[in-house]
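Engineer: Here it is, the structure in full.
The values are calculated or read from the model by the stated rules, or taken from the named source; none is laboratory data. This structure is a prediction, so every number in the text was calculated from the model and none was measured. All Cβ positions, glycine included, derive from the backbone under ideal geometry; neighbour counts span all protein chains shown. In case anyone asks, the SASA skips ligands and DNA or RNA and just uses the protein heavy atoms, side chains included. Shrake-Rupley method; radii C 1.70, N 1.55, O 1.52, S 1.80 Å.
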Amino acid sequence: NPEAGEDNEENKGALFLRAGWGGKASYKQTVKLPCAQYRVEYWSININPNTTSEATDLSKVTCRKDVFQEEGGSLSATEWTKHEFEFTPTSEFTIEFGYQSANAGSSGQAYVFIDGIKLYKIGEADEEELLQSDLLDMCEEVNAFMDNDTIAMFEGLIYEIGDYVMVAEGASTVEEMTAAIADLKVYKAKIENLIPSIVEYSDLESKAMR
């Protein structure tokens, strides 16, 4: 840990990455946190003093179509360098640390350590962001019915579920998202109550065909 020093008890290791000839090296993890405002901090150092090419920072948070990262980030510095960026996740997200090497000779490539990774909650999300998070969660729950083996027997119901979710995802204002969440909850309960009837119908149909 660059802030702790070599003999500090908190110094428990670091992430070492090496790539060459335009390749990428990274570590990625999926995370689920409450919708809020966060800041991620991390330190990097390039331990190759003969580096002649750029190590482009690929560290980022990806939440659906939103990508958060440090602007113009580089991991080429041969001294410990602090990086940070802020993000507001509205659903499950991936956090990634890594870099892309330049298309150059191996002797001039960076050898990168990343350490001191910390995540801070720095504020609350606003009402619209919280509603968007709740809406996306509800859309995922309803959309999951499409993978249900019982429901898969009825193609028309699969299309209905897909259309219902697509309309809900189009909500953009606070009023529209509030209404869409309420509608999805009612629709989810309807499908859950329908499944036992579908199973019973399938069993009767199977017996009749014997």
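Engineer: Do we have any residue at all in the range 112-127 that's within 21 Å of Leu184 (Cβ to Cβ) and modelled with pLDDT of 90 or more?
Structural biologist: Yes, because at least one residue in the range 112-127 is within 21 Å of Leu184 (Cβ to Cβ) and modelled with pLDDT of 90 or more.
Engineer: Here's a check for you: in the range 71-94, which residue that is surrounded by 16 or more Cβ atoms within 10 Å (Cβ to Cβ) and within 30 Å of Leu135 (Cα to Cα) is farthest from the chain's Cα centre (by Cα)?
Structural biologist: Phe85
Engineer: Can you find, within the range 95-111, the residue that is nearest to Ala36 (Cα to Cα) among those that are open to solvent by 20 Å² or more (accessible area, probe 1.4 Å) and modelled with pLDDT of 95 or more?
Structural biologist: Ile95
Engineer: Go through the residues of the range 184-191 one by one and say whether even a single one is free of Cβ contacts under 8 Å to residues at least 12 places away in the same chain, of a type in the set (Lys, Arg) and out of contact with any helix residue (DSSP H, G or I) (no Cβ under 7 Å at 6 or more places or on another chain).
Structural biologist: Taking every residue of the range 184-191 in turn, at least one turns out to be free of Cβ contacts under 8 Å to residues at least 12 places away in the same chain, of a type in the set (Lys, Arg) and out of contact with any helix residue (DSSP H, G or I) (no Cβ under 7 Å at 6 or more places or on another chain).
Engineer: Which residues, counting only those in the range 168-193, are of a type in the set (Ser, Thr, Tyr) and either within 21 Å of Ala125 (Cα to Cα) or open to solvent by 70 Å² or more (accessible area, probe 1.4 Å) (or both)?
Structural biologist: Correct list: Ser172, Thr173, Thr178.
Engineer: Would you say Ile114 is open to solvent by 60 Å² or more (accessible area, probe 1.4 Å), closer than 30 Å to Leu75 by Cβ, more than 18 Å from the chain's Cα centre (by Cα) and not charged (D, E, K, R)?
Structural biologist: No; evaluated as a whole, the condition is false for this residue.
Engineer: How about the range 120-143: which of its residues are open to solvent by 30 Å² or more (accessible area, probe 1.4 Å) and in a helix (DSSP H, G or I)?
Structural biologist: Within the range 120-143, Glu127, Glu128, Glu129, Leu130, Gln132, Asp134, Asp137, Glu140, Glu141, Asn143 qualify.
Engineer: Then there's this: Would you pick out the residues in the range 53-70 that are free of Cβ contacts under 8 Å to residues at least 12 places away in the same chain and in a loop (DSSP other than H, G, I, E, B)?
Structural biologist: Lys65
Engineer: With the structure loaded, tell me whether Ile198 is under 27 Å from Ser91 (Cα atoms), more than 26 Å from the chain's Cα centre (by Cα) and in contact (Cβ under 8 Å) with a residue 12 or more places away in the chain or whether it fails that test.
Structural biologist: no
Engineer: Let me ask another. Give the residues of the range 82-92 that are of a type outside the set (Lys, Arg) and modelled with pLDDT of 95 or more, sorted by residue number.
Structural biologist: His83, Glu84, Phe85, Glu86, Phe87
Engineer: Working only within the range 19-52, note down all residues that are open to solvent by 20 Å² or more (accessible area, probe 1.4 Å), assigned to a loop (DSSP other than H, G, I, E, B) and at negative phi.
Structural biologist: Gly20, Gly23, Lys32, Leu33, Pro34, Ile47, Pro49, Asn50, Thr51, Thr52 - these are the residues of the range 19-52 that are open to solvent by 20 Å² or more (accessible area, probe 1.4 Å), assigned to a loop (DSSP other than H, G, I, E, B) and at negative phi.
Engineer: Go through the range 144-163 and give me each residue that's in a helix (DSSP H, G or I) and more than 29 Å from the chain's Cα centre (by Cα).
Structural biologist: Across the range 144-163, the qualifying residues are Met153, Glu155, Gly156, Leu157.
Engineer: Turning to a different aspect of this structure: Which pairs have Cβ atoms under 6 Å, sit 6 or more apart or on different chains, and link a residue in the range 25-52 that is farther than 17 Å from Val112 by Cβ to one that is among the aromatic types (Phe, Trp, Tyr) and open to solvent by 80 Å² or more (accessible area, probe 1.4 Å)?
Structural biologist: Final answer for the pair search is Arg39/Tyr120.
Engineer: Any residue in the range 53-66 that is modelled with pLDDT of 90 or more and of a type in the set (Lys, Arg)?
Structural biologist: Yes, because at least one residue in the range 53-66 is modelled with pLDDT of 90 or more and of a type in the set (Lys, Arg).
Engineer: Now for a separate question. Kindly check whether there is at least one residue in the range 54-67 that is out of contact with any strand residue (DSSP E or B) (no Cβ under 8 Å at 6 or more places or on another chain) and open to solvent by less than 30 Å² (accessible area, probe 1.4 Å).
Structural biologist: no
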